[in-house]
1. List the number of the failed condition for M110; all other conditions in (1) out of contact with any helix residue (DSSP H, G or I) (no Cβ under 8 Å at 6 or more places or on another chain); (2) buried (at least 24 other Cβ atoms within 10 Å of the Cβ) hold.
2. At least 1 residues that are closer than 19 Å to V233 by Cβ and of a type in the set (S, T, Y) in each: list the helices (runs of 4 or more DSSP H) lying fully within the stretch 399-454 that qualify.
3. Which residue is farthest from R176 (Cα to Cα), if the candidates are limited to the stretch 315-338 and must be touching a Pro at 6+ places or on another chain (Cβ under 7 Å) and open to solvent by 10 Å² or more (accessible area, probe 1.4 Å)?
4. Looking only at strands (runs of 3 or more DSSP E) that lie completely in the stretch 1-90, which have at least 2 residues being over 22 Å from R350 (Cβ atoms), within 21 Å of the chain's Cα centre (by Cα) and in contact (Cβ under 8 Å) with a residue 40 or more places away in the chain?
5. Within the stretch 21-37, how many residues are out of contact with any helix residue (DSSP H, G or I) (no Cβ under 8 Å at 6 or more places or on another chain) and open to solvent by 20 Å² or more (accessible area, probe 1.4 Å)?
6. Any idea how many residues of the stretch 422-450 are at pLDDT below 95 and of a type outside the set (A, V, I, L, M)?
7. All but one of (1) closer than 20 Å to V20 by Cα; (2) open to solvent by 10 Å² or more (accessible area, probe 1.4 Å) hold for C124; which doesn't?
8. Of everything in the stretch 249-261 that's farther than 12 Å from Q216 by Cβ and touching a strand residue (DSSP E or B) at 6+ places or on another chain (Cβ under 6 Å), which residue is most open to solvent (accessible area, probe 1.4 Å)?
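The values are calculated or read from the model by the stated rules, or taken from the named source; none is laboratory data. Here the structure is a predicted model, which is why all the values come from computation and not from measurement. Cβ atoms come from the backbone with ideal geometry, glycine included; neighbour counts cover every protein chain shown. Ligands, DNA and RNA are excluded from the accessible area calculation, which covers all protein heavy atoms including side chains. Shrake-Rupley method; radii C 1.70, N 1.55, O 1.52, S 1.80 Å.
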Amino acid sequence: MSDSDGTNAIVIGAGIAGLVTARVLSDHVDRVTVLERDRLPDDAVPRRGVPQGRHGHLLLGAGRRLLDGWFPGLTGELAAAGAVPLHGADLVWHQGGGYRTRPDLGFLTMSASRPLLEDTVRRCLLRQRRNVTVVDQTAVDGLVVATDQIAAVRVDSAQVDSARITGVRVDGVEHRADLVVACTGRNTHFLDQLAELGFPAPEVAAVRVDAAYASQLVRRGPDDLDGALAVVVDDRAGGHRTGTMVPVEGDRWLITIGSRHGEVPPSDPGEFETFARELPSSTIADVLAKAEALSPVLTHRIATDQRRQVERLRRTPAGFLVLGDAICSLNPIHAQGMTSAALQARALDRALRRYGPTSPRLPGAFYGRAGRAVDVLWRTAVGADFADPRTTGHRPVGTGLANRYRSLVSRACHTSPVVARQALLVQHLLARPASLATPAMMLRVLLANRRRPGRPPESTLSGDRPGRSPTTGGGRRSRSAATATRADQ
């Protein structure tokens with residue numbers, strides 16, 4: 001951690017947010033040091049600092065594209081380690097009382113455990129970016145602040161703060177940096193230190209969801225789901241439970257079932273299966289009933305969706321940023337956290353290209369871009385959470401109307417491949433939500449809601465994809481990552 005002659009940056013936290021932040025910074029400074037308080041394991045196994053690491057994670061299509069751009073060859077390395085390519089037609093989705101049609105959108109993402117994704121990204125980062133160093137078992141005590149003048153000044157006709165963060169303190173020793181970025185999660189304490197120095201704390205929008213979820217790893221059989229590779233069951237009309245089942249490395253299913261507002265999925269395996277069978281589709285429970293359990297059932301809870309409105313800050317010191325869950329932390333059942341971090345990192349890259357790492361204008365420029373980057377995620381996730389009448393808190397304007405239309409879209413997906421395709425693109429952040437509200441699309445949604453789909457037998461999960469045999473899905477399972485990448489181009 002010795003100083004260099006050029007610019008240097010320190011990133012606090014070596015999770016996905018910290019790793020993509022380090023990758024972006026490596027293009028703009030001479031040296032990047034990532035400090036992680038955990039001991040980073042040599043293998044792709046869960047670690048203490050990522051309490052959700054044992055639960056289901058899905059990198060959305062937009063996030064996967066960003067990571068592929070920053071880390072060439074990442075998809076191939078994940079596939080070699082056992083991650084599974086997912087395509088639109090591989091997804092079985094039960095929502096609104098029926099199954100969606102399953103349009104083939106080509107390659108969407110790689111399905112893997114969180115530890116494998118994080119381990120592979122970290123290895124790619126260290127191998128491809130020689131100006132990045134990761135130091136584990138290193139806890140940052142606090143920020144080093146140049147406090148000669150904590151006052152507002154004018155820079156290029158804009159008001160900024162003359163105070164600057166000049167590094168971090170570890171075990172009483174100061175380590176200098178031109179820029180410090182804290183990627184330390186929703187409960188980050190570094191903003192508290194700034195508040196003690198007189199800087200305003202960002203306003204916090206919070207939505208009470210009291211979400212709980214439980215996960216188990218089971219053996220994946222070759223005949224499971226007739227070759228489909230992922231399942232989502234969303235029970236908005238009942239108890240608002242949600243179930244997901246995704247393939248991960250080692251020929252395993254990672255099954256996660258979530259509930260809200262005081263209902264907690266059980267950790268007993270038999271009761272967990274019973275809980276899953278109470279979902280409106282028995283698909284997940286049927287797999288649980290016959291599969292070999294490979295892990296205990298583990299539970300986790302999160303009380304609120306939370307968004308720090310950093311874009312509204314009027315005073316913030318130069319040389320310091322927060323990124324990731326510290327800005328926007330959502331109900332994990334929506335699978336948006338890693339993609340949110342990637343979108344924020346892209347916003348940081350754009351702000352750095354305009355202002356550079358040492359500019360006092362950088363914090364305001366980044367926070368404005370980051371706020372816009374997470375706005376769609378926030379509105380989508382919070383809107384879905386407010387479909388449960390027990391949800392309370394900061395309700396975005398128009399949520400009620402949006403949810404009523406979202407219910408129509410969900411039912412239209414049962415019979416309209418065009419609507420289902422566009423809905424999946426929106427959910428993977430590969431298309432804007434407004435694309436589902438064009439006059440032509442709204443007409444399709446309304447007409448599709450007048451049709452009543454037949455309910456497909458759950459043993460075949462064939463949906464309404466005529467002409468596709470069950471073995472087609474199985475063929476997709478063995479498609480190489482290289483072929484999947486070509487399909488995306």
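1. Only one criterion in (1) out of contact with any helix residue (DSSP H, G or I) (no Cβ under 8 Å at 6 or more places or on another chain); (2) buried (at least 24 other Cβ atoms within 10 Å of the Cβ) is unmet by M110, namely (1).
2. 399-412
3. R315
4. Because the criterion is at least 2 residues that are over 22 Å from R350 (Cβ atoms), within 21 Å of the chain's Cα centre (by Cα) and in contact (Cβ under 8 Å) with a residue 40 or more places away in the chain, the strands (runs of 3 or more DSSP E) in the stretch 1-90 that meet it are 84-87.
5. 3
6. Number of matching residues: 6.
7. So the condition that C124 fails would be (2).
8. H261
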